[in-house]
4 protein chains.
Amino acid sequence: MDYQRLLDEIYVEVKPLLAKGKVADYIPALAEVNPSSFGMAVVTLDGSVFSVGDAYNPFSIQSISKVFNLVLAFSRLGDAIWDRVGREPSGNAFNSLLQLEYEAGIPRNPFINAGAIVVADMLCELYPNAEDDLIRFVREVANNPEINYDLRVAQSERETGNRNFALGYFMKSFGNIHMPIERVMDFYFKQCSMSMNCVDLGRSFLMLANHGIVSHSGERVLTVSQTKRLSSLLLTSGLYNEAGEFAFRVGLPAKSGVGGGIAAIIPQKLSVVVWSPGLNTYGNSLAGIQALELFTTKSGISIF
Amino acid sequence: MDYQRLLDEIYVEVKPLLAKGKVADYIPALAEVNPSSFGMAVVTLDGSVFSVGDAYNPFSIQSISKVFNLVLAFSRLGDAIWDRVGREPSGNAFNSLLQLEYEAGIPRNPFINAGAIVVADMLCELYPNAEDDLIRFVREVANNPEINYDLRVAQSERETGNRNFALGYFMKSFGNIHMPIERVMDFYFKQCSMSMNCVDLGRSFLMLANHGIVSHSGERVLTVSQTKRLSSLLLTSGLYNEAGEFAFRVGLPAKSGVGGGIAAIIPQKLSVVVWSPGLNTYGNSLAGIQALELFTTKSGISIF
Amino acid sequence: MDYQRLLDEIYVEVKPLLAKGKVADYIPALAEVNPSSFGMAVVTLDGSVFSVGDAYNPFSIQSISKVFNLVLAFSRLGDAIWDRVGREPSGNAFNSLLQLEYEAGIPRNPFINAGAIVVADMLCELYPNAEDDLIRFVREVANNPEINYDLRVAQSERETGNRNFALGYFMKSFGNIHMPIERVMDFYFKQCSMSMNCVDLGRSFLMLANHGIVSHSGERVLTVSQTKRLSSLLLTSGLYNEAGEFAFRVGLPAKSGVGGGIAAIIPQKLSVVVWSPGLNTYGNSLAGIQALELFTTKSGISIF
Amino acid sequence: MDYQRLLDEIYVEVKPLLAKGKVADYIPALAEVNPSSFGMAVVTLDGSVFSVGDAYNPFSIQSISKVFNLVLAFSRLGDAIWDRVGREPSGNAFNSLLQLEYEAGIPRNPFINAGAIVVADMLCELYPNAEDDLIRFVREVANNPEINYDLRVAQSERETGNRNFALGYFMKSFGNIHMPIERVMDFYFKQCSMSMNCVDLGRSFLMLANHGIVSHSGERVLTVSQTKRLSSLLLTSGLYNEAGEFAFRVGLPAKSGVGGGIAAIIPQKLSVVVWSPGLNTYGNSLAGIQALELFTTKSGISIF
């Protein structure tokens, strides 16, 4: 497969869409991003990298970071994590608090905010300085020691994060947050502020396509079974309210972020990451979804 | 792969589970089934059939029939069906009516009851005698002219189907049911009463593993793209409240029924069907899920 | 108190509001009503009648009929009715189905549709021809043998009543409807179609102001305690989503209907009924609420 | 009316109930209260006080304090407060967060926790030291300069108040909390910790029975209209999930607290306060409700 040519073609085809999405503007750092940015990268199992556009431009990965948190917690704590967070798709956000109440403070899955906050709590319990352990882990799997948090973003997130604080306190009232809320939320907002580029993300997600092994180091992070299970979870729940639609159109395990990134994998083949900050009404990258749909259609590669 | 040996092994391993589930007892015809029944069948793309236990014993396929209805409607009406039914996982049943209200009578997906009733309405609009067209279609894809409705089951379903009537009227109040409720529900209850065995279901689901082509006749029912999309939908939403958990543990597109059947596919490889009437708390076959998990674990075949 | 002068004053003051409401138009019979109609009547304990405007013009009393049904059921069945219907205000309608599910098919109170359908079911169980017994009862308490159902309205209600059918089937699925749905709904739609004028309603509601005794016949319909309790229920729940607001502004036990009528009482003093078909966004008579607020303000009569 | 004899009779009759309720035990200060305590007081418009049992024993008034906050805010800010808090009964607590979301952060009424937190926010905006202004106000209307907060209770409330923090942050995310959450919650928990006895409460609630005038000082706190409106609100919403039931059985404007107190009024006649710490399943005083029902039944005094 000539992935480079594929990416080049896709770039041409999605260009008309770049102006159509709406850049997230609830915090300044996101609002300032050039709306016509577009980057895309493919990393194959042998470590080959293909890229187009702004693939080396760092952006705020936001919710994509939830995958790193989850992988770290899962690798360290194993199946015990599922006592505190579910594995079911979440349905619409409009009744997320109702579901949380109905299910006694157990979030439906680790990719909705409530779930990611619980995972953040687990890491805060596990590590005195979870921020350091997380960033070290991400640098390793991405093979890039320069990756870091963007503290200005973290600060802004915190200032506008009242609903996330509400989720945290609500779950604490059910006993499903163990550490002090301020501590957990501080870590949570930092985690979401991580700045990476498409290639970084492609390299780090490759481990999921590679049955749990980090290609460049040979280190096993997750077992084969754990990896398959996380991939399945990404397929059913990685794009929240649009997860079903994305699975229907694209059919790949993937995770999106409000910064406009989407990281996906084709198991045992490759990772593919796209970034375009204009969002659709679900808060997912408008051109990004289109680019990934073109990728599966044109390449004919699919898990189905 | 020695599928026969695999099925034999699985049968031995799940036997201790057969007594543990609870047979559906809301209608007599289901309550009378022998709780220790177990059948399993694999049908590969070349048409080979492997089976074990009661694989040739007919049972009430119940909600598995929703797949046939959907395939028929999708093949005839194309993407227009998605104007009236969504493609998102449904979350917990406890708030399904709330979701239906919030989304103005558009069910989240075609595999929850509300969604299947809408699809039934589409077929009633399309065909003067939808029952006849549906059963003819199922007989063709299953290559078995003997398949039929079980009218005693249909009658019992109707008598206990007040909640389904409520769903129908509720959607009609939003204009999302076009035909008279009595007509639609009559067809809906008949559809659910279809009696088939594991091999029948394996043969008929093979079309989904085969990119839309019925193997024994060579007839294309769905396009490649349509088939992949339905497979994806089955993965995210085929086992309702347990869909995420099933995807996590088993990772295959599948549809379950309250009669204890589960039909699954491995795209481009095979279909695999299991039947064991004892249900878990989600209303899915307890031993059936275990059997399918063993199947993917032991065979190593997986889409992830 | 010079009630006649009071009514005359109120009529003048509310006239500018008559054009502002929106007449119910979901059925022809309601849509055809002259939007600038306005009638008001006061009936005091001694039987004196004061009226203004279209007070003798019959209109469709709609949900006001729920009070008659409830009084009849309560007088016949006593506190046993509260096993099947609650006494709590209902909150917003948007989650009424959720509440019904949460509370296992027991409606929150007898004035929401679900509650009135359950009461209708009780009467259908009690009387072979509940329609006849109800209309006879209403004629007696209103002292008007001419009162009747408007079968054209009943028929229209039935044709547009899908949501009410949904409620009925939903409660039947919980076992809280005992008679066949078709029978119950038929009676329910008939009951709502009753045609009365302000004076009729004033005379019939007087029994609630008179501690349960029908003034003109001396017959006791409810005990003192039962009457006080129903009055309290009307105060907390008589105008559904606007019950609290109405209690806040007007502070009287009252019941409204989508035909534009509102019947209220001042215990141990009088009944006061207003009719003006233009509705506010809650489906209550816009000018009617204003007229009742003026009535309590100007008269200084209040229960608080 | 011989109120003393009435109270004595009631005391005898409710004694068997005192052991049946369950004392609140989520904080130590409440758990330590003697479960068989019972006090009751009546204060008539002329200032006469009648009492029985532990009527002079201070207890934690908890949610009854919401009335003082509301009166203070209403008297200072007038109808502007209704832009930020509703006047409708709240329905069941199980979906209170859903309602808050549906209504964009506007609580249904000032007596549910969310509503009281908004009122607390208003007072924090209005007064640099709202604690001081509130306690001064309460001392004045109760005519007792000794009344104070119980800081141990306030501290315990804060430590177990995660759900209230969640409500605060959730409403802040909608912009309906203006001051810092920590500040508002600090005041809120202090307010709830107020310690008063039945006679104190009776004296202070008398203002509501007296059309807004504090009897002993002659000072007008609320207008006649404002007073009637608050009384109406207490009738529809003063005992949250049991408000309808209480209105049905007792029929008086009242407010309860989890400390076991219930303060009620009969407009233009008297205030009546009861305290008994054993709670029913709704969190209201079990014997207290019974005592108030006996009071209205035996005295024959009623607003209906």
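Numbers at a glance
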| item | result |
| --- | --- |
| Residues of the range A:212-238 that turn out to be in contact (Cβ under 8 Å) with a residue 12 or more places away in the chain, touching a Gly at 6+ places or on another chain (Cβ under 9 Å) and either more than 14 Å from chain B (Cβ to nearest Cβ) or closer than 13 Å to B:S232 by Cβ (or both), as a count | 6 |
| So C:L30, is it in the same structural domain as C:H211 (by TED's automatic domain parsing), surrounded by fewer than 22 Cβ atoms within 10 Å (Cβ to Cβ), in contact (Cβ under 8 Å) with a residue 12 or more places away in the chain and farther than 30 Å from C:K172 by Cβ | no |
| Residue count, the range D:257-294 (criterion: open to solvent by less than 10 Å² (accessible area, probe 1.4 Å) and within 21 Å of D:H211 (Cα to Cα)) | 9 |
| Tabulated pairs, the range D:40-53, first part of a loop (DSSP other than H, G, I, E, B), second hydrophobic (A, V, I, L, M, F, W, C), C-beta under 9 angstrom, 6+ apart or interchain | D:L45/D:L206; D:L45/D:A209; D:L45/D:L270; D:G47/D:L206; D:S48/D:V42; D:S48/D:L270 |
| Selected residue (only one of A:S285, A:S237, A:S302, A:S215 is more than 28 Å from B:E245 (Cβ to Cβ) and at pLDDT below 95) | A:S215 |
| Selection count, the range D:147-166, where residues are over 19 Å from the mean Cα position of the chain (by Cα) and of a type outside the set (K, R) | 7 |
| Criterion: more than 15 Å from the chain's Cα centre (by Cα), over 28 Å from C:R203 (Cβ atoms), at pLDDT below 95 and not hydroxyl-bearing (S, T, Y) - qualifying residue of C:G91, C:G47 | C:G91 |
| Pick from the range D:107-130, criterion in contact with a Phe, Trp or Tyr (Cβ under 8 Å, 6 or more places away or on another chain) and of a type in the set (V, I, T), ranking: most open to solvent (accessible area, probe 1.4 Å) | D:I112 |
| Any chance D:I289 is at the interface with another protein chain (Cβ under 9 Å from one of its Cβ atoms) and β-branched (V, I, T) | no |
| Filtered residues of the range B:152-178 (kept if open to solvent by 70 Å² or more (accessible area, probe 1.4 Å), in a helix (DSSP H, G or I) and within 14 Å of chain C (Cβ to nearest Cβ)) | B:E159, B:R163 |
| Residues (in contact (Cβ under 8 Å) with a residue 60 or more places away in the chain and either over 17 Å from B:V258 (Cβ atoms) or part of a helix (DSSP H, G or I) (or both)) located in the range B:111-130 | B:A116, B:I117, B:A120, B:D121, B:L123, B:C124 |
| Close pairs (7 angstrom Cβ cut-off, 6 or more residues apart or separate chains): open to solvent by 10 Å² or more (accessible area, probe 1.4 Å) in the range B:67-86, of a type outside the set (G, A, S) and not in a helix (DSSP H, G or I) anywhere | B:S75/B:V221; B:S75/B:L222; B:R84/B:I106; B:R84/B:N176; B:G86/B:I106; B:G86/B:P107; B:G86/B:R108; B:G86/B:N109 |
| Answer residue from the range C:131-146, given it is surrounded by fewer than 17 Cβ atoms within 10 Å (Cβ to Cβ) and in contact (Cβ under 8 Å) with a residue 12 or more places away in the chain and is nearest to C:G168 (Cα to Cα) among those | C:E131 |
| Index of the failed condition, C:I64 passing every other in (1) more than 8 Å from every other protein chain (Cβ to nearest Cβ); (2) surrounded by fewer than 23 Cβ atoms within 10 Å (Cβ to Cβ); (3) touching a residue at least 12 places away in the same chain (Cβ under 8 Å); (4) part of a helix (DSSP H, G or I) | (2) |
| So C:G86, is it in a loop (DSSP other than H, G, I, E, B) and not assigned by TED's automatic domain parsing to the domain that holds C:V273 | yes |
| Tally of residues being small (G, A, S), open to solvent by 50 Å² or more (accessible area, probe 1.4 Å) and in a helix (DSSP H, G or I) across the range B:179-237 | 1 |
| Yes/no for A:Y149 being in contact (Cβ under 8 Å) with a residue 24 or more places away in the chain and more than 12 Å from every other protein chain (Cβ to nearest Cβ) | yes |
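For every residue, the table says whether it meets (1) outside the structural domain of D:G218 (by TED's automatic domain parsing); (2) among the β-branched types (V, I, T); (3) over 27 Å from D:H211 (Cβ atoms).
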site: D:D25; (1), (2), (3): no, no, yes
site: D:S37; (1), (2), (3): no, no, yes
site: D:T44; (1), (2), (3): no, yes, no
site: D:S51; (1), (2), (3): no, no, no
site: D:N57; (1), (2), (3): no, no, yes
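The values are calculated or read from the model by the stated rules, or taken from the named source; none is laboratory data. Values in this document were obtained by computation on a predicted structure and should not be read as measured data. Glycine also receives a Cβ, built like all others from the backbone with ideal geometry; neighbour counts cover every protein chain displayed. SASA here: full protein model, heavy atoms, side chains in, ligands and nucleic acids out. Shrake-Rupley method; radii C 1.70, N 1.55, O 1.52, S 1.80 Å.
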